[in-house]
C-alpha cells in the first residue's frame with residue numbers, strides 16, 4: 001500500500017530505521033475555506049503553490065474543492081470537479097503523492113484516474129454510497145475521518161460520553177465496513193477529526209490521548225493546522241496561529257501521529273523533523 005511506498009522512499013533518503021512523520025500539505029481550491037479560502041482558487045496559483053509545498057518538504061498534497069469548515073454549504077460533485085480538475089492534471093507530472101479531499105465518489109473516481117493515490121474522506125465513506133466501491137476498485141489508500149454531524153451542524157453543541165471511546169467505537173465500525181466493502185485493511189488510515197464536531201476541550205483531549213488510537217494498527221493522520229481550538233487557547237485570529245499549530249504538531253507526533261496535515265509546510269516540516277529526532281531516534 002501507499003504507506004509502504006512512502007516509507008520505502010524515506011528509507012532511501014534517511015536509511016534505517018525509516019521512522020519519520022509524513023507531511024500532508026493542504027491545497028484548498030475553494031473560495032470559502034476557513035484558513036486560506038480564495039487564495040488558491042485560480043488554477044495557476046494553486047499549481048504553483050503545490051509545487052512550492054513539494055519543494056518545502058510535503059510528502060503528500062491534499063487537494064480539495066469543497067470547504068468542510070463549520071457552516072459550509074455543500075456543492076455538487078460537478079462544481080467540485082470543475083474547481084480541482086486542472087490542478088490534478090498538472091500535479092500528476094510531479095513526484096509528490098496526490099490526495100483528493102472529497103466525499104463525492106465521482107470526484108474521487110476522476111481524481112484517481114488522473115493519478116491521485118489517496119482518498120481523504122471526511123465522512124469516512126458515509127457521504128456517498130458509491131465511495132467504498134470506488135476506493136476498493138482503485139486499490140488506493142483511504143483516510144477515514146471522524147466527524148459528529150455534518151459541516152453545517154457539527155459545531156452545534158457537540159457532546160460525547162467519552163470523546164476517545166466514542167471515536168474508537170466509530171473507527172471500529174468504519175474499519176469493519178470498509179473491509180466488508182472490499183477495501184484492503186492495509187490501505188486504511190484513521191483521522192480523529194480534530195475540529196470536526198468537537199469543542200476545544202474535546203480537541204485537546206484528542207491530542208492528549210492520541211496514542212490510544214494506535215491499538216487499531218493503522219496510520220494516524222491529524223489536522224490541527226490553524227484550527228479554532230488554537231485560537232480559543234491563544235486568543236488569536238486564523239492568520240496568527242503558527243506557533244500554536246507548531247505546538248500541536250509536535251504533541252501529535254510525540255503521541256503517535258504518522259502524518260500531519262498542515263498549511264505551512266516548510267515551518268511544520270522543521271517542527272516534525274526535530275520532534276522525530278526525539279521520538280524516533282535513528
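So what is the orientation-averaged projected area of the range 134-221, using the convex hull of its C-alpha atoms, in nm²? Working shown, then result.
On the way: hull surface 23.0 nm².
Mean orientational projected area (the range 134-221, Cα hull): 5.8 nm².
Once fully extended, how much extra length lies between residue 233 and residue 254, figured as 0.36 nm per residue of separation less the alpha-carbon to alpha-carbon distance?
On the way: separation 21, 0.36 × 21 = 7.56 nm, distance 2.02 nm.
Going from the current span to full extension adds 5.5 nm.
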> What full-extension length gain, to one decimal in nm, is calculated for residue 216 and residue 247 as 0.36 nm per residue of separation minus the Cα-Cα distance?
Replying inline: 8.6 nm
> What is the spin-label model distance, in nm, from residue 156 to residue 56 if the labels are put 7 Å beyond Cα along the C-beta direction?
Replying inline: 3.6
> Out of every Cα-Cα pair in the range 176-282, what percent are more than 17 Å apart?
Replying inline: 55
> Given the C-alpha centroids of the range 150-213 and the range 98-122, what is the distance between them in whole angstrom?
Replying inline: 20
> Taking only the alpha carbons of the range 123-181, what extent do you get along each of the three principal axes, in Å, biggest first?
Replying inline: 38, 24, 15
> How much length is gained if the chain between residue 179 and residue 201 is pulled fully straight, taking 0.36 nm per residue apart and subtracting their Cα-Cα distance, in nm to one decimal?
Replying inline: 4.7 nm
> How large is log10 I(q)/I(0) at q = 0.21 Å⁻¹ when the Debye formula is applied to the Cα atoms of the range 58-147, each weighted equally and without solvent?
Replying inline: -0.99
> Put a dot 7 Å past each Cα toward the Cβ at residue 78 and residue 277; how far apart are the dots in nm?
Replying inline: 5.3
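Values in this text are rule-based calculations from the coordinates and carry no lab data. These figures come from a predicted structure and were not determined experimentally. No Cβ is skipped: glycine too gets one built from the backbone with ideal geometry, and neighbour counts run over all protein chains shown.
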